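Chemist: Quick one: structure below, then a few questions.
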Amino acid sequence: MKTPFEKMIAGELYNGADPTLLEMQAKAQARLDALNAVSPDDRPAQLAAMRALFGTVDGPCIIKPPFTVEFGCNIHLGAWVFVNNGATFLDSAPITIGERAAIGPNVQLVTATHPVRPADRFTDTNPEGMPPFIVHNIAKPITIGAYAWIGAGAIIMPGVTIGAGAVVGAGSVVTRDVPDRMIAAGNPAKIIRSVDD
């Protein structure tokens, strides 16, 4: 039988209020606090804090605080990724960001979602403890290619891939993949043109 974490990573329905997942989030919070306390100018200390929090980090990166994650261990960064202040990475599924990608301020990468019908979203009895109900979640990975640029305040939704060298306009809500070297913007985001036009 799969653990709640294994169900989550596999993209299956899982209990978002499962105590083991909540405990993992609490442990990640301590490592996140350590990362947020380090100056982005202290590259060795920041890299060490990133490696303690994230699944993999291929080389130096810059993350400006405040920064928020859910688990941390499902985040994978290429070298020289830049994340501006206020970013939120809800990593219930893997978040993979290629080298030299740039993430603007207040960007949200959201891998988790819920069934839309309330009856499917909640179960009133939770045999695992508190809260006294089960919150059904499903998570889908997000991938951002190398050299991509995600503009300020953009929201990348579950299951989306942003191609290498692509650009997402500020404030966009991206619900579908953006091919390599294309510019997408809007809510919902639509392909505007190639970066080479």
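Chemist: Could you size up the charge dipole of the stretch 82-164 around its Cα centre, putting +1 on the beta carbon of Lys and Arg and -1 on that of Asp and Glu, and report it in debye to the nearest 20?
Modeler: Magnitude of the dipole: close to 200 debye.
Chemist: Still on this model: What is the packing order of peptides 94-104, 6-16, taking the mean over residues of other C-beta atoms within 10 Å and listing the highest first?
Modeler: Put in order of decreasing packing, that is 94-104, 6-16.
Chemist: Given a Förster distance of 35 Å, report the FRET efficiency between Phe133 and Arg193 from their Cβ-Cβ distance, rounded to the nearest 0.05.
Modeler: For R0 = 35 Å, the calculated efficiency reads 0.15.
Chemist: Whole Å is fine, so just give me how far the alpha carbon centre of the stretch 16-81 lies from that of the stretch 149-197.
Modeler: So the separation of the two Cα centres works out to 24 Å.
Chemist: What FRET efficiency, computed as 1/(1 + (r/R0)^6) with R0 = 25 Å and r the Cβ-Cβ distance, is obtained for Ala48 and Ala79, rounded to the nearest 0.05?
Modeler: After rounding, the FRET efficiency stands at 0.95.
Chemist: Under a straight-distance cross-link criterion of Cα-Cα below 19 Å, which aspartates and glutamates are reachable from Lys190, leaving out those fewer than 8 residues away in the same chain?
Modeler: Asp177, Asp180
Chemist: Projecting each Cα onto the charge dipole of the stretch 4-194 (Lys/Arg +1, Asp/Glu -1 at the beta carbon, about the Cα centre), which of Gly145, Pro40, Ala189 comes out farthest on the positive side?
Modeler: Ala189
Chemist: OK, next. Residue-wise, which Karplus ³J(HN,Hα) couplings in Hz belong to the stretch 32-47, taking 6.51 cos²θ - 1.76 cosθ + 1.60, θ = phi - 60°, and x for glycine or proline?
Modeler: Running phi through 6.51 cos²θ - 1.76 cosθ + 1.60 with θ = phi - 60° gives 5, 4, 5, 5, 5, 7, 8, 5, x, 6, 8, 4, x, 5, 5, 4 Hz.
Chemist: Same structure, new question: Amide H of Ala87 versus every other amide H placed in the peptide plane: which residues, excluding those fewer than 5 positions away on the same chain, fall under 5 Å?
Modeler: Here the answer is Thr68, Asn106, Val107, since their amide H atoms fall under 5 Å of that of Ala87.
Chemist: With +1 on each Lys and Arg Cβ and -1 on each Asp and Glu Cβ, and nothing else charged, work out how big the dipole of the stretch 1-84 is about its Cα centre, in Debye to the nearest 20.
Modeler: Value, rounded to 20: 100 debye.
Chemist: Please turn the phi angles of the stretch 149-159 into ³J(HN,Hα) values with the Karplus equation 6.51 cos²θ - 1.76 cosθ + 1.60 (θ = phi - 60°), one per residue in order, whole Hz, x for glycine and proline.
Modeler: 9, 9, x, 3, x, 5, 10, 9, 8, x, x
Chemist: Continuing with the same structure: Add -39500 (n - 2.57) for each DSSP H run of 4 or more in the chain, then divide by its residues: what number comes out at 222 nm, to the nearest 500 deg cm²/dmol?
Modeler: -6000 deg cm²/dmol
Chemist: Something else about it: Can you run phi through the Karplus equation (6.51, -1.76, 1.60; θ = phi - 60°) for the stretch 177-185 and list ³J(HN,Hα) in whole Hz, with x for Gly and Pro?
Modeler: Karplus-based 3J(HN,Hα) across the stretch 177-185 equals 4, 10, x, 3, 6, 10, 9, 10, 7 Hz.
Chemist: Using Cα positions and a limit of under 26 Å, work out the lysines in reach of Lys64, with same-chain residues fewer than 8 apart set aside.
Modeler: Partners found: Lys27, Lys140.
Chemist: Please give me the summed charge of the neighbours of Ala166: other residues whose Cβ is under 9 Å from its Cβ, Lys and Arg +1, Asp and Glu -1.
Modeler: 0
Chemist: Return one quarter of the surface area of the convex hull spanned by the alpha-carbon atoms of the chain, equal to its mean projected area, in nm².
Modeler: Computed as one quarter of the Cα hull surface, the answer is 11.3 nm².
Chemist: Between Asp33 and His114, what length in nm is gained on full extension when 0.36 nm per residue of separation is reduced by their alpha carbon distance?
Modeler: 26.4 nm
Chemist: Taking the Cα centre of the stretch 4-194 as origin and charging only Cβ (+1 Lys, Arg; -1 Asp, Glu), how large is the dipole, in debye to the nearest 20?
Modeler: The calculation lands at about 620 debye.
Where a number appears in this text, it was derived from the coordinates with a stated rule and is not lab data. What you are looking at is a predicted structure, and each value in this text was computed from that prediction instead of being measured. We place every Cβ from the backbone using ideal geometry, glycine too, and count neighbours over all the protein chains shown.
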